[in-house]
Structure formats: structure tokens, C-alpha cells
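What follows is calculated from the coordinates using simple rules that are stated; it is not laboratory data. Keep in mind that this is a model prediction, so the values were computed, not measured. All Cβ positions, even for glycine, are placed from backbone atoms using ideal geometry, and neighbour counts span all protein chains on display.
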Amino acid sequence: MLFQGFAASLELQNLFAAFVGVTLGTIAGVLPGIGISGTIALLLPISFGMDTLTALIMFSGIYYGAMYGGSTTSILVNVPGEGASVVTCLEGHQMAKKGRAGAALAVAAIGSFVAGTLGVVGITFFAPPLANAALAFGPPEYFSISLLGLVVLTNLSGKSPLRAFIMMLVGLMIGTVGIDPMTAINRFTFGSTQLAKGLDFIIIVMGLFGMGEVIATICERQTDIKVEKVKFRDLYPTITEIKRSIMPIFRGGFIGFFMGLIPGPSATISTFVSYALEKKISKHPEEWGHGAIEGVAGPESANNAASSSQMIPLLSLGIPFTSSAALLLSGFMIHGIQPGPMLVSSQPVLFWGLIASMYVGNVMCLILNLPLVGVFASLLRVPLNLLMPVVAVITFTGAYVLNYSLFDLGVLFVFGLLGYLFQKSGFEPAPLAIGAFLGPQLEQGLMQAMIICEGSLWNMMTRPLAGAMLWLTTLLVVGVLVKTLIKYMNSRRGLS
Amino acid sequence: MKAGRLVATIGSVLCALIIVTGCGSSTPKTAEKPKYPTKPINIIVPYAPGGSSDMVARALAKVSVKYLGQPMVIINKPGAAAQIGLNELGDSKPDGYTIGIANSGMVLQPLVGQTKYNYATDLDGVAMVGHIPFVLAVRTDAPFKTIEEFINYAKANPGKIKYGHTGVGNTAHTAPEQLALLAGVKMEPIPYDGGAPLITSLLGGHIQAIMNNPVDLQAQVKANKIRVLAVAGETRIDDPLYKDVPTFKEKGYNVIAILWQGFGAPKGIPQETLKVLRDGFEKMATDPETVQAMKALGLVPKFMNGQEFGAYWVTEQNSLKKTLDETGILKMIKEQKK
């Protein structure tokens with residue numbers, strides 16, 4: 001069946017559609033704010049005249065193409081264009097500062113390709129059983145995984161645990177702004193309907209990282225900044241860099257693939273998990289925070305694999321787990337195709353044609369992105385006093401087009417100032433971002449889980465999946481406490 | 001170095017272009033109006049792209065050039081149970097260049113919260129384009145196969161049935177509460193932040209029931225994963241998939257929950273402009289292509305002109321208020337707000 005699909009996807013018009021899709025997707029990914037949703041939405045009306053398969057190939061191309069470009073602004077100028085590339089800022093931008101932007105971009109593209117293709121292989125062979133497995137994740141499970149995530153990820157940067165914890169708490173608090181999902185009470189909104197919808201995570205991180213960087217550059221003495229001349233050959237990764245990236249790419253791919261099956265913004269969580277894992281097992285711990293290539297390779301692969309595997313619930317259940325998948329679903333529906341358990345049997349050519357086009361499209365993405373690496377990396381040769389205003393413009397534009405809200409620009413600026421202050425005072429913005437990201441999930445998950453489990457925490461801890469994660473969390477917390485206690489006792493003993 | 005500058009220049013020009021075009025679409029300039037419309041019309045969709053409202057707006061936008069002579073630009077302003085987008089609609093200039101989706105969700109918020117407007121009275125109707133009754137859906141392998149069995153089960157196991165909804169006081173919440181009240185049973189509500197997680201949770205067996213629009217359930221019903229027990233409309237749904245499902249009314253429970261989709265505009269649009277707009281929408285809504293698209297979305301195409309539609313909002317709001325009072329939801333919310 002897959003061969004039939006390949007035959008269909010290799011027709012000239014479909015190849016062209018895939019090319020248009022991935023090109024637009026890459027552009028949408030590179031420009032912060034202009035996400036997949038906006039791009040597909042724009043093209044929906046144009047697609048009416050197209051053949052169904054052609055249109056779907058184009059939409060899917062945008063969908064996975066965008067995952068390739070997403071890391072570009074994170075690496076070059078510290079502006080994450082979407083949740084899934086926040087963590088790429090941490091190492092990627094440090095690499096860029098060391099003149100290794102090209103290497104980071106290239107590794108991100110290669111990782112995206114490998115993981116994206118792995119993801120498609122997964123869809124090809126395991127779609128229906130995996131989709132059903134995803135259903136085992138209910139609210140108690142979302143809550144548990146968010147809690148575990150919070151505990152594991154808080155000290156991502158690994159400098160000062162106390163500071164990281166404080167920042168995480170602040171992030172959690174920021175996450176509570178808005179209407180309470182259970183009782184519809186306004187919290188911290190000060191009567192503003194703008195605040196009632198809550199603070200957009202991506203605006204927060206664009207501010208903390210991107211605007212923070214811009215403000216920091218303004219405040220630093222300009223004479224200190226020297227633009228390093230980068231030779232063209234240096235734009236691409238060295239053999240060592242490639243070697244160090246191979247395993248993180250595969251690990252990230254697997255993490256992303258399985259986490260993508262969990263409803264909700266799992267692509268973002270998977271990047272954090274991959275980062276944390278790579279850091280933990282790295283042979284070069286001293287490099288982390290100063291541009292460790294594994295910290296780019298792993299997360300970037302994870303988010304691509306996640307976006308591929310998010311196609312699984314979409315195609316085999318007809319349920320979009322993310323907003324961009326929702327728009328993809330709209331694209332299907334408007335062409336009279338209802339994805340769901342019956343899709344494979346009722347529309348085999350269409351289904352397999354689409355899958356086959358994803359193999360083809362991923363190759364196109366790679367071919368398209370590798371030459372772009374050089375172009376983007378040479379952008380950094382532009383002196384900072386010219387580059388930073390452009391970055392500011394891109395950030396503001398990106399934040400604006402997200403919701404077309406001027407209020408968001410204010411939020412962006414405030415978080416930019418905060419980001420700068422944090423940088424100066426040695427507080428890491430990453431734990432705050434994680435708190436603000438996981439907070440709302442955690443809160444809603446807990447509310448839902450408490451009702452489902454008849455208000456008893458014990459009921460939740462005896463559910464197989466949720467329980468396993470909760471017990472693990474408990475162990476981790478107890479472990480840390482005991483360790484601290486022993487340390488304290490030892491130091492007391494040493495004193496007396 | 002030169003090359004670098006060139007790239008920078010090109011980059012900034014591009015950025016400037018994006019800014020100019022990006023902002024241009026959302027801040028309409030004052031146009032001298034010899035003949036409305038002379039530029040694209042913005043449609044505010046107070047939901048994220050991909051939802052049913054969004055799709056309806058896009059389906060109409062597709063034929064707008066044919067009937068209004070100008071394209072329509074969809075602007076998604078999701079958030080705060082559609083209040084963000086609706087307030088923006090209310091705030092916008094009544095020049096006929098900004099209109100928005102007006103659907104059943106909008107009559108609720110003014111009743112339960114402090115909204116900036118009472119959308120039902122502070123907006124003008126443009127056209128209703130379609131509607132669909134909500135249905136009660138359960139998993140196929142649930143211990144109840146009919147609405148009678150469902151209610152008996154709920155009676156025998158108070159609080160055992162947990163249903164999901166997508167926001168306090170919205171149809172997915174009020175309709176089951178109305179049923180619970182009429183049938184004298186107790187069911188526990190669980191909030192979700194959208195239709196997709198809601199259905200996923202039902203499929204996974206984490207919740208026992210939902211009241212949802214049947215469109216989103218089509219794939220699952222066809223795959224025999226979800227069973228629809230009853231329809232909250234005046235009549236059954238024509239679709240062959242649902243034509244054997246009884247209405248609540250037939251079974252003696254007066255549960256009516258209908259999702260309607262249409263368009264509204266800020267009050268104060270000049271009469272002649274409003275007329276052009278309303279006439280244009282009548283043609284768009286009844287265009288065979290739109291009708292087809294709405295059917296594909298699972299909506300029953302039903303046109304209602306702007307004036308009637310505006311009046312319909314008020315009747316709907318009154319009957320919703322009655323339901324909220326009777327089910328105690330309004331009281332609950334008011335008490336918590338104290």
C-alpha cells in the first residue's frame with residue numbers, strides 16, 4: 001500500500017505541492033509568531049480548487065516544514081519562535097556567540113530530518129495501536145506527568161537550586177493569571193479582559209529571552225563588541241560535532257516520538273526532557289550553558305519527532321492534540337476528508353499518499369535547509385548595532401501577529417525588562433518559563449483528576465500510569481530532602 | 001562586510017514590509033465611502049483557527065468576492081470564552097469593515113460574568129447561517145445503551161457519571177445540568193479547555209459522558225467507538241448517522257441545546273452599509289458551495305436574516321437565563337464571585 005502511496009505522492013503536482021508546503025512551512029518556522037496555524041489558515045481558501053491529496057500534502061508540508069525553521073531565530077538571536085524551540089536558546093545561542101551558529105543550525109536541520117523521518121516510519125507501521133495507547137492518558141496522567149516534569153526540569157541550568165526553585169514558583173504564579181477553569185473566577189486580572197485570557201507562554205519567553213537579549217545589548221558598552229569573521233568552511237559542523245550529535249539525535253527522536261502521543265503541548269515538554277537527559281549523561285558537563293552541541297541536537301530532534309507522531313492521533317483518531325494539528329484537521333475536513341479510525345480503509349490511496357509525501361517532504365526540507373544554514377549564519381556577521389534593532393523588530397512583529405494584540409507587545413516588553421534584570425542578577429529565566437508553561441496544565445489537570453478520582457489522592461496514586469509517575473516524583477523529592485538532610489547533619493558533625 | 005550590510009538591509013526591509021502588511025489588516029483606515037465595500041472586510045473569529053466557527057467563517061469568506069466584491073480576512077482572537085474577540089468586535093468601528101462570528105456561546109457570558117457588553121443586545125445581527133443541536137454521547141462499551149438506561153444508571157449510582165464540558169456555563173455544561181435537573185439525577189462536571197481533550201478523555205474512558213455538537217463526534221460514531229444517546233433539539237437530526245437517535249423531548253425531558261452560527265456587527269453601522277452587508281451575507285449563506293461546506297462541517301444550513309437573528313439572540317439569552325437559574329449554575333457562580 002505504501003508503494004501505491006509513493007506512486008501518488010511522486011506525481012508532479014504532488015511533488016510541487018510538497019515543495020510549496022515545506023518551503024512555506026520553513027519560512028513560517030523561521031519567522032517567530034507566524035506559526036503553522038496562521039500559514040495553513042491563509043492557504044485554506046486557496047486550496048479549494050486543488051485535488052484533495054495535493055492540498056493535504058501541501059498542508060502537511062507546512063506542518064512539518066515549520067518544525068525545521070523553528071530553531072533558527074533561537075540559535076541566531078535568542079528569540080524562540082514557538083514553545084518547542086525555547087530550550088534551543090540555551091545552548092544554541094551560546095554556540096552562536098562562539099561563532100558556531102552554522103554548526104548549531106546544521107545539526108538542528110540534520111536532527112530534524114532524522115527524527116522527522118523516524119517519526120514517519122513510526123506512523124507508517126504503528127499508527128493505530130499507538131493512537132489507542134494515547135487514550136490511556138487522562139487528566140490524572142497529565143497532572144502526574146506535569147508534576148514530574150516540574151520536579152525534574154526545574155533545575156535545568158543546574159546553577160543554584162534555590163534560585164531555580166524561586167523562579168519556578170514565580171513562573172507557576174504567572175501561569176495562574178486569568179479565568180479559573182473550574183469556577184470562572186477572574187484571578188490577578190485587575191478587571192482587564194486582556195489579562196482574563198491569561199499570559200501567552202510564547203510571549204513570555206520571547207520577552208525573557210529575545211527582548212532580554214536586545215535590552216542587554218543596548219545596556220552593554222558597544223565598543224566591547226567585536227564581530228568575529230567567520231570563514232565559510234566554519235559555517236558547517238566539524239566531524240567531532242557531528243559525532244557528538246548522533247546519539248542525542250536518536251535519543252531526542254525517540255523521546256519526542258513517544259511524548260508526541262500525549263495530548264497537549266507535548267512537543268515542548270519533550271524538548272525539555274531531551275535537554276535534561278542529554279545534560280545528565282553528557283561527557284562534557286563543563287560545556288553546558290556555554291554551547292554544548294548535544295543541547296541543540298537532542299531537543300531539536302525531539303520536537304520534530306513529536307510533531308510527526310502528533311499526526312498519529314490526528315490521522316487515526318481524528319483528534320488534534322495541538323492547535324496546529326487542529327488546523328491541519330480543518331484542512332482535511334474542508335476537503336471532505338474525515339480523519340479517524342476509518343480513514344485507512346476508506347481512503348487508502350489518500351492515506352498512504354500522504355504518508356509517502358512526508359518521507360519525500362522531509363528530504364526536501366533537508367535539501368532546502370542545509371544551504372540556508374550558510375545564509376542565516378552569515379547574518380551574524382552583521383554588527384550588533386545593526387542586528388539588534390532588526391531582532392527587536394522581528395520579536396515585536398512575531399509577538400503581534402500571534403494574537404494581533406497590542407497588549408501582548410506590552411507584556412513582551414515587561415518580560416524583556418525582567419529577562420534583562422534576571423540576567424544581571426544571576427537568576428535563570430528558564431525555570432520561570434517552565435513554571436509558566438506547566439502551571440496551567442498542572443492546575444487544570446489536578447482539578448480534573450480530583451473529580452475523576454473522587455477527590456482522593458490515593459485513588460490517583462493507584463492508577464497504573466499516573467501512580468507510577470507520582471510515586472517517582474515522591475521518591476525524587478524525598479531523595480533530595482534526605483540528601484540535603486544528611487549533608488546538613490554531616491556539616492553539623494564536622495563543626496562540633 | 002558589504003554582503004553583510006546588504007543582507008541586513010534586505011532583512012530590515014522585509015521586516016518593515018511584514019509590519020506594514022501585518023498591521024494594515026487589523027487597523028482599518030478611515031475610508032471615504034462612495035461605494036461600500038472598497039476594501040477587504042475583517043471577520044473576527046473569537047476562537048482559535050480550526051474550530052467549527054472558524055471553518056464557517058472561512059467557508060463564507062471563500063465566496064465573498066463573488067457577492068460583496070471584496071475578500072474577507074479572518075482574524076482569530078481566541079480566549080476568555082470568546083470574550084476577547086467579542087469585545088473587540090463591540091469596540092470596533094461601525095463602518096462595516098469589521099464584523100465577527102456571533103454564535104450561541106455569546107449570549108452566556110453577559111449572564112455569568114462582568115462582560116464589557118451584553119453581546120445579545122449591544123451587537124447587530126448580520127445573518128445566521130446554520131445550526132445544530134447538541135447530543136449526549138457516551139462510549140459504546142458503557143453499561144448504558146439508551147437514554148433510559150443512562151438515566152437509570154445515573155439514578156442508581158449518584159455522582160458516578162462524570163461529564164466533561166468546555167467552560168463553566170457554556171452549552172456543554174448547562175445542557176447536562178438541565179438534564180440532571182429534569183431527570184433528578186446527579187452528575188459531576190469536569191472542565192476541559194477544548195473539544196479535542198474532551199473527546200479524547202471520553203474515548204479513553206476517563207469521563208462517562210459529554211454533551212457535544214455531533215460534528216466533532218462523526219468519526220468516532222462511524223468507527224463505533226462513541227454512541228449518541230439523545231439529541232437536544234426540537235427534532236431529530238437528518239443525517240443518516242443520527243436519524244435513529246431520539247430527541248430528549250420525545251423521551252419527556254425538555255432539554256434543548258442548539259448551537260447556532262452566524263455573524264454579528266458592532267451597533268451603529270450606517271443603514272445602507274448594513275443593508276449591503278446583510279444582503280451580501282444572505283447570498284453567501286445560501287450559495288450552494290457554502291451550503292455544501294457547512295454540511296461537510298456537520299452544520300444544518302439555516303439562514304436567518306440579520307434583524308430576526310438579532311431578536312433571536314435576546315430570546316435565546318432569556319431561555320438560557322432561565323436554565324441557569326433553575327440548575328443553580330448562576331447562583332453557584334454568583335456566590336463564588338463574592
| task | Scale the Cα Rg of chain A by the rule-of-thumb value 2.2 N^0.38 Å and send over the ratio, two decimals. | result | 0.97
| task | Take the alpha carbon gyration tensor of region A:351-474, find the square roots of its eigenvalues, order them as a ≥ b ≥ c, and report rounded if a/c is under 1.5; if not, report prolate when a/b exceeds b/c, else oblate. | result | oblate
| region B:64-168: equivalent-ellipsoid semi-axes (sqrt of 5 x gyration tensor eigenvalues, Cα, Å) | 39, 18, 11
| How large is ³J(HN,Hα) for each residue in region B:169-186, as worked out from phi by the Karplus curve 6.51 cos²θ - 1.76 cosθ + 1.60 (θ = phi - 60°), to whole Hz, x for Gly and Pro? | x, 7, 3, 5, 9, 5, 4, x, 5, 4, 4, 4, 5, 5, 8, x, 10, 10
| Rg in Å to one decimal, and Dmax rounded to a whole Å, for region A:57-136 via C-alpha atoms | 15.2, 46
| request: Report, in order of residue number, the helices in chain A meeting two criteria: a C-alpha extent of 24 Å or more along the helix axis, and a mean Kyte-Doolittle hydropathy of at least 0.0; treat each whole DSSP H run as one helix. | output: A:12-30, A:52-69, A:101-134, A:239-259, A:348-378, A:384-403, A:406-425, A:429-452, A:464-495
| Prolate/oblate/rounded label for region A:1-110 (Cα gyration tensor, a/c 1.5) | prolate
| query | By how many degrees, between 0 and 90 and to the nearest 10, does the Cα long axis of helix B:2-26 differ from the longest principal axis of chain B? | reply | 60
| task | Give me D for region B:225-270 in µm² s⁻¹, whole number, from Stokes-Einstein with Rh from the Kirkwood sum over alpha-carbon pairs, 10 °C and 1.306 mPa s. | result | 124
| How big is region B:34-117 in terms of Cα radius of gyration and Dmax, in angstroms? | 13.3, 42
| Greater than 22 Å apart at Cα, pairs in A:K97/A:K424; B:K251/B:K302; B:K62/B:K243; B:K222/B:K243 | B:K251/B:K302; B:K62/B:K243
| Under a 5 Å amide H to amide H cut-off, with H placed in plane at 1.01 Å, what residues pair with B:T247 once short-range neighbours are removed? | B:V231
| Given region A:400-472 reduced to its alpha-carbon atoms as identical point scatterers, what log10 I(q)/I(0) does the Debye formula return at q = 0.13, 0.25 Å⁻¹? | -0.64, -1.13
| said: Within 10 Å of each candidate Cβ there may be at most 14 other Cβ atoms; applying that plus a DSSP loop requirement, which GluC sites (Glu not before Pro) in region A:266-367 survive? | reply: none
| message | Using 28 Å as the Cα-Cα cut-off, could you pick out the over-long pairs in B:K39/B:K267; A:K197/B:K275; A:K243/A:K487; A:K98/A:K487; B:K155/B:K225? | response | A:K197/B:K275; A:K243/A:K487; A:K98/A:K487
| message | Stokes-Einstein diffusion coefficient for region B:257-319 at 4 °C in a medium of 1.567 mPa s, Rh from the Kirkwood formula over Cα pairs: what value in µm²/s? | response | 100
| Percent of Cα-Cα distances greater than 39 Å, calculated over chain B | 21
| request: First obtain the Kirkwood hydrodynamic radius of region A:74-217 from its Cα pairs, then insert it into the Stokes-Einstein equation at 10 °C and 1.306 mPa s, and state the resulting D in µm² per second as a whole number. | output: 86
| remark: Listed by chain and number, the aspartates and glutamates with an alpha carbon less than 19 angstrom from that of B:K93, same-chain partners under 8 positions apart left out, are B:E32, B:D122, B:D124, B:E272
| query | Between region B:113-156 and region A:318-372, what is the C-alpha centre distance in whole Å? | reply | 31
| By its C-alpha gyration tensor, with a ≥ b ≥ c as the square roots of the eigenvalues, how is region B:226-338 shaped: rounded for a/c under 1.5, else prolate for a/b larger than b/c, else oblate? | oblate
| Hydrodynamic radius by Kirkwood, which averages 1/r over all alpha carbon pairs of the protein assembly as shown, in angstrom | 27.7
| message | Give the residue list of GluC sites (Glu not before Pro) in region B:204-294 that are DSSP loop and have at most 11 other beta-carbon atoms within 10 angstrom. | response | B:E234
| log10 of Debye I(q)/I(0), alpha-carbon scatterers only, for region A:254-319 at 0.18, 0.22, 0.25, 0.27 Å⁻¹ | -0.60, -0.79, -0.92, -1.02
| task | Please work out the Kirkwood hydrodynamic radius for region B:155-262, using every pair of different C-alpha atoms, and report it in angstroms with one decimal place. | result | 14.3
| Top positive-direction residue, dipole computed over the protein assembly as shown with Cβ charges, set B:S201, A:A433, A:A7 | A:A433
